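Notes to accompany the following structure.
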């Protein structure tokens, strides 16, 4: 009987610790006023994204583009064929699998990436499509690198 009471007491004590540990303690504005009197005003919140911003394809630029670079002609969201028509054929190219390909019940995209390498210019990375079918892939990353060997 004492072991049942000890177990019950331990459960009650643990429950009390969890309840008090999760409790938030709202501070009144008066208690924080002296601490913030010398601090600068907080920065304004960024403007909410407009519908045009949400529709605009997102991407990442790595490195600083050289003046007159071929990559200055391309924009995020362009297809591979459109990019190669603007920039020219790459020195080398290759594909690789992303980590999403190994998620058992992931039926979405972005499981493959395709790279186009340009000697002395950099790399262009495309996402979408599927392995062997790059027609639907879109430009997501531009890597500027004047020291690019052009080979994987």
Among residues of the stretch 101-120, those that are under 22 Å from residue 58 (Cβ atoms) and in contact with a strand residue (DSSP E or B) (Cβ under 9 Å, 6 or more places away or on another chain), counted: 9
Subset of the stretch 106-129 [at pLDDT below 85 and surrounded by fewer than 16 Cβ atoms within 10 Å (Cβ to Cβ)]: 106, 107, 108, 109, 110
Helices (runs of 4 or more DSSP H) wholly inside the stretch 1-98 that include at least 2 residues being more than 28 Å from residue 112 (Cβ to Cβ) and at pLDDT 60 or above: 2-22
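The values are calculated or read from the model by the stated rules, or taken from the named source; none is laboratory data. The model shown is predicted, which means the values in this text are computed figures rather than measured ones. Heads up, the Cβs are rebuilt from the backbone with ideal geometry, glycines too, and the neighbour counts pull from every protein chain shown.
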